[in-house]
Amino acid sequence: MSQRQALRRHFRAERRALPSAAQQQHAQAIARALRLSDEVANAQTIGLYWSADGEVDLAPLVTSLDPGKQLALPVVSAKGQMDFYRYHPGDALAPNRFQIPEPRPQAGLVQGNELDLLLIPLVAFDASGTRLGMGAGYYDRYLGALPAAERPYTIGIAHQVQRSDEPLPSAAWDVALDAVVTEAGWQLRG
């Protein structure tokens, strides 16, 4: 087993072990921290994710956002490419091959340079903004395909138990996060 696989196994177990009540409290605290931030206040188009496998639920944030904000959720193609499509709370979603709900293609594609802010799930993070994801590389490929000047501001969303005290391994294709928010507040802000 590689170091990355062992770290994923460890931090996913930590995340999954959180009781439901703690998960809900963390989601509320993170929503509050984001709602009060300039990053969210100044963003017109926000990329979100639909939580799975113990990831922080963004529903408390979504329901509290100004209805004038444009939201988008990821859609993963059979070829492994990820794009973002418009999402309005209450829209009909369809499960993808991982059983994660996604917008339907007719929802409308959101170009990468249209996203002002991108909230990203993660398995682990460290003090430098290195993110350990699930291993498929969707977010790194998506962000890496955009010119640096056109990338949205990226905020990793996590539980505090997902913070690694040691630097995480990274590869040349990994795109570092601009910020991380946990239930304890902002852990990193660039």
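Data for the structure
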{"read-out": "Any chance N96 is exposed (fewer than 13 other Cβ atoms within 10 Å of the Cβ) and of a type in the set (S, T, N, Q)", "value": "no"}
{"read-out": "Those residues of the stretch 110-130 which are loosely packed, with under 14 Cβ neighbours inside 10 Å and closer than 24 Å to T45 by Cβ, in sequence order", "value": "Q111, N113"}
{"read-out": "Verdict on G90 being small (G, A, S) and under 22 Å from A145 (Cβ atoms)", "value": "no"}
{"read-out": "Among the residues listed as V75, V62, the single one being β-branched (V, I, T) and in contact with a helix residue (DSSP H, G or I) (Cβ under 8 Å, 6 or more places away or on another chain)", "value": "V75"}
{"read-out": "Scan of the stretch 147-160 for residues that are under 20 Å from L71 (Cα atoms) and either at pLDDT below 95 or open to solvent by 60 Å² or more (accessible area, probe 1.4 Å) (or both), ordered by number", "value": "E150, R151"}
{"read-out": "Residue, least open to solvent (accessible area, probe 1.4 Å), within the stretch 83-93, restricted to residues that are under 27 Å from S37 (Cα atoms) and not in a loop (DSSP other than H, G, I, E, B)", "value": "F84"}
{"read-out": "From the options L168, L143, L177, L188, residue that is assigned to a strand (DSSP E or B) and either aliphatic (A, V, I, L, M) or open to solvent by 50 Å² or more (accessible area, probe 1.4 Å) (or both)", "value": "L188"}
{"read-out": "Filtered residues of the stretch 1-27 (kept if more than 25 Å from G137 (Cβ to Cβ) and either over 18 Å from the mean Cα position of the chain (by Cα) or open to solvent by 100 Å² or more (accessible area, probe 1.4 Å) (or both))", "value": "A17, L18, P19, S20, A21, A22, Q24, Q25"}
{"read-out": "Test set (1) in a loop (DSSP other than H, G, I, E, B); (2) open to solvent by 70 Å² or more (accessible area, probe 1.4 Å); (3) more than 23 Å from L34 (Cα to Cα) - Q106 fails condition number", "value": "(1)"}
{"read-out": "Condition met for D57 (over 15 Å from E183 (Cβ atoms), touching a helix residue (DSSP H, G or I) at 6+ places or on another chain (Cβ under 9 Å) and open to solvent by 30 Å² or more (accessible area, probe 1.4 Å))", "value": "no"}
{"read-out": "Sole exception among (1) in contact (Cβ under 8 Å) with a residue 24 or more places away in the chain; (2) more than 11 Å from L119 (Cβ to Cβ) for D38, by number", "value": "(1)"}
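The values are calculated or read from the model by the stated rules, or taken from the named source; none is laboratory data. Given the structure is predicted, the values throughout are model-derived calculations rather than measurements. Here Cβ is always computed from backbone atoms with ideal geometry, including for glycine, and neighbour counts include all displayed protein chains. Keep in mind that these areas ignore ligands, DNA and RNA; they rest on the heavy atoms of the full protein, side chains included. Shrake-Rupley method; radii C 1.70, N 1.55, O 1.52, S 1.80 Å.
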